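Asks: There's a structure below that I have some questions on.
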Amino acid sequence: MTALARSIFKSILLILNILIFNNILSQIVPQNIDEKSGIRDSVSIRRDTVGVKKDTIIPKEELEDVVKTKAEYKSSSSISNKQTFLNKKAQIIYQDMQIGADYIRIDWETGKIYARGEQDDKGKIIKPAVATQGGKQYEYNEVIYNYKTKQAIAFNARTEESEGVIVAEKTKKYNDSVFFMRKAIYTTDEYFIKKKDSLPDYHMSAPNIKLIKGKNNSQLITGPIQLYIEQVPTPLVMPFAILPFSDKRSAGILIPSFGERQDVGFFLNGLGYYQPIGDHFDLKILSDIYTKGSWNLKPELNYLKKYRYSGNFAADYGYTVRGIKGLDDYSKSKTFRIAWRHSQDSKANPYFTFNASVDIVSGRNFYTNTVNNNYAFNGSVLNTTQTSRINVTKRFLNLPITISASAGYNQNFATGLTDIRLPDMTIAVNQFYLFKPKTGVRTGLLENINVNTGFALSNYVTTNEDEVFKKQMWEDMKTGAKNNIALSTNTTLAKYFTFSLSANVDNVLTTKTLEKSYNPISNKVDDNYKNGIAAYSTFSTSASLQTILYGQKNFGKSSPIVAIRHMVTPSFSFTYSPDFGDRSWGYYKDYSNARGEITPYSIFDNGIYGAPSTGLTQSIGFNISNNLEMKVKSKSDSTGVKKVKIFENLNISGGYNFAAEKYKWSVFSVNAQSSFFDNKLNVNSSLTIEPYEIVFADNSNVGVRTENFGHFSLQGFNLQLSYPMSDAIFGKKEELSKKYKKKGEIRNENYYFDDDNYAHYVPTWTLNVNANYAYTRGLSRLGTKVATVGLDGSIKLTPYWNINGSTNYDVVNKTLAYTRLGFSRDQRSFTITFNWIPFGQYKVYDFFIGIKANILKDAVKYKERSFTQPNSTF
């Protein structure tokens, strides 16, 4: 018999055996073949058993649905053991559960299904079995599933839940909702989830885990749980954990940072709890704990209503303990802070808006005494003032008026004084034209006359911190009202000149007036305020003329400069204002000083709207604005020409008062603004020039201003420079893809490797340099100087290492001011941050590990610990 004939004979025998086996199997268990899917219904037992003969081979228990099986190479049954064996790409489907494996055994008597993944020659699982139920996929090395009880036991099971994955040595399924796991880990590392890496960069390990699955959410409940980073155990161990797997916000523990502060010891910063309240609120309570006894409590309530408003209430209350109790350096101080932020959506109501920014601290020493380190790291410790304000604005559809009300609270840490406005209200009438033409096109002075008017009501007081909202504060509060009417018009003269006219009237009403008198006993002048309504009115008029002049110088083709253009905008104005210090107005009185000299003063001095001006004003003012640009040839520009700004703006201004008895000329001011190096270097400067001679007596550093005009001297100068630098402005980056052929994989995909397997990456960096120099002289011989240089930048050494910091250097005193350094390591799944203030009053370091997965934002809080992101108060 030839080889071909033997092969044909064996094939026929194999086909006959399969047909005989299937015939026997068909007599034992009825079959159904799905023609479309090709999956065999190996078990199909109807609920109605009438007409079915009793046979010991048929399971006594009735199934609720059809069991479908499929195998690529072999499907066999053992009649005596009532079992079915499926090998190679085996598949079984029962109701919503589907199992795919390399090997499946079905025991019809017990209802158990055993499935195993693909093995290698040594019996190691190289491809897991996969089960799908309810749209959820699970992977196992081995699984035993009872289709009667719907319970299961799996070994080395891998289950994906939301953004994370659970891997357990042994998993027992009690029902579709409850799973119990032994020796399990949980991680959100995307590389591990996507099987790009066999080990996660971090995981949480627990000996016992219970997974409870709900219709809309799930929960992972653990016993003792420990955080591992790169397979290394960390000290972060919790007695239990509840991880919610839900799109909704859930309560959770807020993980703190830790570190050391020189004056108060080691600390845990930000330890607390987060609790959502309904759909629009959430609450978090944070605490700072220090080893030397200091503590701080920081509750915060956030709220959000989409398309309407958002905001938060926050408080900061604590005790700062320094030194050792019983010694002279021991101190204990209490600090508090109350803050409220409210922001209305611009689309919520165009006719009514309400916004609030309230920030009140316990006193001028709050930032130096509080143990909340966030204020040191974000630079709040440099604050010199604290401002709070509430604003309400009402507009009308059919009325041309706008009503605004506000309340303000300003704390000055330098003086210890507090300014309070409670409340301020304004009623503004929309601008209108007195002689508006019917055609809508305004021409001439008459048709361009427009009116702006409004009414204001104010309550204002300046008081000490310890008198806020006490009787003395209310007695010192000043109340007043003001009406302003402003008229203006303009027209064009001789095509090139713009002529403008304006008039301004102020009417002021106050409830307090001032009376000054010399007290010979105390040898000082007493200010006595009298309650009573008093009023004054002031007015002024002005006229101005303005034009624009252009000049351009073109250069030859051989010159690198194409052209220089100079634009000059000169303007001249005349202002008239009466002398409201004249006694006929009744706004000014006199008192006798210590030497018996008659000294004038206004009864409205230090008033809520100030006092009327003194002296007749008939002055001419001038302002010359310059813009100087240059066009140069450039190969880098597509047009071949690049524009360079020499002076974006150069203003020269001054004035001359004809009615002044002396010092008719005002101080001259020069302001300049420009940018260089492709608009990278910004330069702002200003100077003031005194036109009159200042004379100094022998051995005196304070001079006297004379009327000797023409002896110009520099009285003040200010220069501000800022230059943002980065790696991008120093040319193109090195293209590593062209230089090195080998690119990293898995966690090194952002690196290129040379022939010696050294990693290469082009660092990126930014550096903002700012410098300030100020010189003020006045009548002083020497004057005062202030010079500082500041640096603020970051450098990305690798794709995952970032260093940032800022510092300021006082050039005059030769000292470093506030300096901060920050380091961060992005581990993809979590971030490690380290902030450090190395010296100074706020010497402190802070270390924090935060998991970035959204699913853990509520259980293990990281960064923004809320559903909304208002202007954070901490």
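Asks: Treating the Cα atoms of the range 253-410 as identical point scatterers in vacuum, please give the log10 of the normalised Debye intensity I(q)/I(0) at q = 0.08, 0.16 Å⁻¹, two decimals.
Replies: Ignoring solvent entirely, the Cα scatterers give -0.33, -0.99.
Asks: Per-residue HN-Hα couplings for the range 454-462, Karplus 6.51 cos²θ - 1.76 cosθ + 1.60 at θ = phi - 60°, whole Hz, x for Gly and Pro?
Replies: For the range 454-462, the Karplus-derived couplings read x, 10, 10, 10, 9, 10, 9, 8, 10 Hz, x marking Gly and Pro.
Asks: Using only the Cα atoms of the range 406-479, build the gyration tensor, take square roots of its eigenvalues as a ≥ b ≥ c, and label the shape rounded, prolate or oblate: rounded if a/c is under 1.5, else prolate if a/b is larger than b/c, else oblate. Don't jump to the answer; show the numbers that get you there.
Replies: Values: a/c = 5.42, a/b = 3.72, b/c = 1.46.
Prolate is the answer for the range 406-479, as a/c is 1.5 or above and a/b outweighs b/c.
Asks: Pull out a ≥ b ≥ c, the square roots of the eigenvalues of the alpha-carbon gyration tensor of the range 404-559, then state rounded if a/c is under 1.5, prolate if not and a/b is larger than b/c, and oblate in the remaining case. Please list the in-between numbers first.
Replies: Values: a/c = 2.59, a/b = 1.89, b/c = 1.37.
Because a/c hits 1.5 or more and a/b exceeds b/c, the range 404-559 counts as prolate.
Asks: Give the Debye-formula value of log10 I(q)/I(0) at each listed q (0.09, 0.19, 0.21 Å⁻¹), with one equal scatterer per alpha carbon of the range 85-228, two decimals each.
Replies: Debye curve over Cα of the range 85-228, log10 I(q)/I(0) at q = 0.09, 0.19, 0.21 Å⁻¹: -0.27, -1.20, -1.39.
Asks: Pick out, in residue order, every one of the chymotrypsin sites (Phe, Trp or Tyr not before Pro) in the range 661-720 that is DSSP loop and has at most 15 other C-beta atoms within 10 Å; say none if there are none.
Replies: Working: sites: Y663, W665, F668, F676, F677, Y692, F696, F709, F712, F717; in loops: Y663, F677, F696.
Here the chymotrypsin sites (Phe, Trp or Tyr not before Pro) that fit, given the DSSP loop and packing criteria, are Y663, F677, F696.
Asks: By counting other Cβ atoms within 10 Å of each Cβ, how are R158, R565, R337, R781 ranked from fewest to most? Let's see the in-between values first.
Replies: Details: R158 20, R565 16, R337 23, R781 11.
Fewest-to-most Cβ neighbours within 10 Å comes out as R781, R565, R158, R337.
Asks: Å³ per residue of the Cα convex hull, for the range 704-856?
Replies: On the way: hull volume 32.6 nm³, N = 153.
Output value, Cα hull per residue: 213 Å³.
Asks: Count of lysine pairs in the range 589-703 with Cα atoms under 29 Å apart, counting only pairs 8 or more residues apart in sequence or on different chains?
Replies: The number of close lysine pairs in the range 589-703 is 16.
Asks: OK, next. If you project the alpha carbons of the range 584-633 onto their three principal axes, what span does each projection cover, largest first, in Å?
Replies: 73, 26, 24
Asks: Could you tell me the center-to-center distance, by alpha carbons, between the range 383-418 and the range 102-151 in angstrom?
Replies: Cα centroid to Cα centroid, the span is 69 Å.
Asks: Largest first, please: the extent of the C-alpha atoms of the range 587-700 along each principal axis, to the nearest Å.
Replies: Projected onto the principal axes, the Cα atoms of the range 587-700 cover 77, 42, 27 Å.
Asks: Okay, next question. Could you work out the per residue convex hull volume over the alpha carbons of the range 436-478, in cubic angstrom? Mind dumping the intermediate values first?
Replies: On the way: hull volume 5.6 nm³, N = 43.
Roughly 131 Å³ of hull volume per residue.
Asks: Between S653 and V786, what FRET efficiency comes out of the Förster formula 1/(1 + (r/R0)^6) with R0 = 35 Å and r the beta carbon distance, rounded to 0.05? Intermediate values should be presented prior to the final figure.
Replies: Working: r = 24 Å, r/R0 = 0.69.
The computed FRET efficiency comes out at 0.90.
Asks: So, one more: At 7 Å along Cα-to-Cβ for each site, give me the label-to-label distance between Q226 and R595 in nm.
Replies: Those two pseudo-labels are separated by 8.5 nm.
Asks: Compute the projected area of the convex hull of the Cα atoms of the chain, averaged over all viewing directions, and report it in nm² to one decimal place.
Replies: Averaging across all directions leaves 68.0 nm² for the Cα convex hull.
Asks: Something else now. Which value in nm describes the separation of the simple spin-label points at A543 and N606, placed 7 Å from the Cα toward the beta carbon?
Replies: 4.2 nm
Asks: Could you run the Karplus curve 6.51 cos²θ - 1.76 cosθ + 1.60 with θ = phi - 60° over the range 318-333 and give me ³J(HN,Hα) per residue in whole Hz, x for Gly and Pro?
Replies: The phi angles translate into x, 10, 10, 10, 10, x, 10, 4, x, 9, 5, 7, 6, 8, 9, 10 Hz.
Asks: State whether the range 263-333 is rounded, prolate or oblate according to the following rule on the C-alpha gyration tensor (a ≥ b ≥ c being the square roots of its eigenvalues): a/c under 1.5 gives rounded; otherwise a/b larger than b/c gives prolate, and the remaining case gives oblate.
Replies: prolate
Asks: Right, next: What full-extension length gain, to one decimal in nm, is calculated for S686 and T234 as 0.36 nm per residue of separation minus the Cα-Cα distance?
Replies: Details: separation 452, 0.36 × 452 = 162.72 nm, distance 5.74 nm.
So the extension gain works out to 157.0 nm.
Asks: Quick one: go through the range 296-315 and flag any residue whose amide nitrogen is under 13 Å from the point 7 Å out along the Cα-to-Cβ line of N349.
Replies: 308-309
Asks: For the chain, what relative contact order do you get, as a whole percent, if you take Cα pairs closer than 8 Å and at least 6 residues apart? Intermediate values should be presented prior to the final figure.
Replies: Values: 2101 pairs, mean separation 50.9, N = 874.
Reported relative contact order: 6 percent.
Asks: Using the basic label-point model (7 angstrom from Cα toward the beta carbon), what is the A771 to I285 distance in nanometres?
Replies: The answer from the label model is 5.4 nm.
Asks: Let me ask another. Residue separation times 0.36 nm, minus the C-alpha to C-alpha distance between D419 and F622: what's the value?
Replies: Working: separation 203, 0.36 × 203 = 73.08 nm, distance 3.64 nm.
Roughly 69.4 nm would be gained on extension.
Asks: Moving on to the next point. Residue separation times 0.36 nm, minus the C-alpha to C-alpha distance between E515 and E169: what's the value? Display every interim value, and only then the final one.
Replies: Details: separation 346, 0.36 × 346 = 124.56 nm, distance 8.94 nm.
Gain on extension, E515 to E169, equals 115.6 nm.
Asks: Let me ask something additional. Using r as the Cβ-Cβ distance of D120 and R825, and R0 as 56 Å, what FRET efficiency do you calculate, to the nearest 0.05? Could you put the intermediate results ahead of the total?
Replies: On the way: r = 38 Å, r/R0 = 0.67.
That gives a FRET efficiency of 0.90.
Asks: Using just the C-alpha positions of the range 150-247 as equal point scatterers, what log10 of I(q)/I(0) does the Debye formula give at each q in 0.12, 0.19, 0.23, 0.25 1/Å?
Replies: Log-scaled intensity ratios, in q order: -0.36, -0.93, -1.31, -1.46.
Read the figures in this text as sums done on the coordinates, not as results from a lab. For clarity, every value in this text was computed on a predicted model and none was experimentally measured. Ideal geometry is used to build each Cβ from the backbone, glycine not excepted, and the neighbour counts take in all protein chains shown.
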